[in-house]
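As structure tokens, the structure follows; a few thoughts come after it.
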Amino acid sequence: MKAFWLKLHKIGDFLHLPDIPTWLLVILSLVFILRVPSFFEPYYYGDEMIYMTLGQGVNQGMTLYQGVHDNKPPLLYLTAALSGNLFWFKVILTFWSLITIFLFYKLTKVILNGNEKAQKLSTLIFALLTTLPLLEGLTINSELFMIFFTITAFLILLKGGPTPGKVYLSGVLLGLGALFKIPAAFDAPIIVLYWIITDGFKNWRNILKNTFILGLGFVSPIIITMVWYFFKGALPEYIKAAFMQNVGYLSSFRPGDVQKSFIVRNAPLLIRGLVVLIGSSVLFIFRRKLSKNFVLLTLWILLTLFAITLSERPYPHYLIQAVAPVSILLSILFAEKSIEQSLAVFPLALFLFVPVYYKFWVYPTTSYYAQFINFVTQKTTKEEYFDGFSSTTNRNYKIAEFLSKSSNQKDRVFMWSPDSAAVYALSKRLPPIKYVADYHINDYSSKEIEAKNIASTLPKFIILSSSYPFPELGQLLKSSYLLVNQIEDANIYSRIDFAPTK
């Protein structure tokens, strides 16, 4: 085994690859092995299916937000388009995660001041928390992509001091992170608060200059995307979908509060903002007794928790945004002997409070891998394996197979179901309207409006089920469609040949 690692290092030296210690190679190898089962997952997870459908739209020449819609910035959909299918998307995520773990290790070398034991522990914790199904580490989500940019930005700024060029580059990286998901924007104030607290106000001119440069770097990639969509004629749709619709998303998990006054409705948000203010003030007051690194980690926890709880939704992948500082603080707690070993309890307790208070979901880990082992050892069939992810997965594959055999890629199909995006992604057929998920229609349009849009385009197939009705399409089905197939609870209607295609 020792000879094997020596050969790897020789190969790395020959290729001028970065020096990677043996223990880190072991962690990276473990992460790769833990991610292999994700390569065999079926098309089933709602968000992934939306990303794949929008990526398919891009590959067919459609303009995001105008021709095909979702409410995130564009980089995740463009990555889906680049991948082409779910398998390669998972492969891209795997290698992206391996690079992120390596950069996190480099960051720990700066923050943990040569404490190798703490570096090993924090890197292992980070690798596991961003990989295991517990926090949806194997699921494609924006957080796994955007933390790469935050970690890289912090690494650049902490090595050698904030020169204008490094500050601008860090801002650009944070802007790119926000183009995966908007909450990444809350990582930028961490840097500014860190400068204020560690330098005080004596260098306010320098802090103000660097803050301006950081902000300029942050908005640069965002402005470039806006210019792009302006020339595509889709700038209003882009701003509305990727930025404005996320504002309403903040209170969407408490729909009953919509009629309440602004103060009452936003009291939880204001309270969380007050926690950030109080925590930052305490750090400022005791700044001379705290190390700069501890200040940074605590600010990192405070601001990411604020971002994580914006919508008050209990999705575990949100917590990935805070995994980096949590991993380092845990290593300080268990592997350092200093006053800050005890102080680390406070930000860590705050982090633990959030998933408990908001009742964040967790996903099973052991059963996930047991299910995969049973599949590869042929103890369960492919159909049984797919059923373990969702009871409708096999049905969706059958529907997609029918559509692939009965239509061309440019033909439009419409399915009204919580699984509609899975069928679109599998069959590589797009809907006749820009919305690819049922909640898109419910949240951003209406069934009445979209029924009219569907009637004006006459898709080749319409797929409905009695358990999930769409009565607004009833008249259209009677006049222009015939029931041609039934796959479990899904009724597939085909456009009558003499119905004009528009």
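Across the alpha-carbon atoms of region 424-502, the computed radius of gyration and Dmax are 12.3, 34 angstrom.
Relative to the Cα centre, the charge distribution of the chain, modelled as +1 at Lys and Arg Cβ and -1 at Asp and Glu Cβ, gives a dipole magnitude of about 1240 debye. For the chain, the spread of Cα positions along the three principal axes, ordered from largest to smallest, is 79, 62, 42 Å. Across the options Tyr493, Gly160, Val413, the greatest Cα extent toward the positive end of the charge dipole of the chain (unit charges at beta carbon of Lys, Arg, Asp, Glu) belongs to Gly160. Where the centroid of each part is defined by its Cα atoms, how far is region 19-84 from region 134-185 in Å? A separation of 18 Å, based on Cα centres.
Backbone phi angles across region 414-424, fed through the Karplus curve with coefficients 6.51, -1.76 and 1.60 (θ = phi - 60°), yield HN-Hα couplings of 10, 10, 9, 5, x, 9, 4, 5, 5, 5, 4 Hz in residue order; Gly and Pro are listed as x. Farthest toward the positive end of the dipole of the chain, out of Leu269, Asn396, Leu430, is the Cα of Leu269, where the dipole comes from beta carbon charges about the Cα centre.
Each label point was placed 7 Å from the Cα along the Cα-to-Cβ direction; for Lys209 and Glu336 their separation is 3.1 nm. As a rough footprinting exposure proxy, the listed residues Val227, Val436, Val58 were ranked by other beta carbons within 10 Å of their own, and the order from fewest upward is Val227, Val58, Val436.
Out of region 301-407, which trypsin sites (Lys or Arg not before Pro) are coil in DSSP terms and have no more than 12 other C-beta atoms within 10 Å?
Counting only loop positions with at most 12 other Cβ atoms within 10 Å, the trypsin sites (Lys or Arg not before Pro) in region 301-407 are Lys337, Lys359, Lys379.
Label positions at Val282 and Glu312, each projected 7 Å from the Cα along the C-beta direction, are separated by 2.4 nm.
Using only helices, what value at 222 nm comes out for the chain when you add -39,500 (n - 2.57) per DSSP H run of length 4 or more and divide by the total residues, to the nearest 500 deg cm²/dmol?
Details: 25 runs with 307 residues, N = 502.
Only helices count here, giving -19000 deg cm²/dmol.
We did not get these values from a lab; they are worked out from the coordinates using the rules stated. If you're wondering where the values come from, they're calculated on a predicted model, not measured in any experiment. Neighbour counts run over all protein chains shown; Cβ positions are idealised from the backbone, glycine included.
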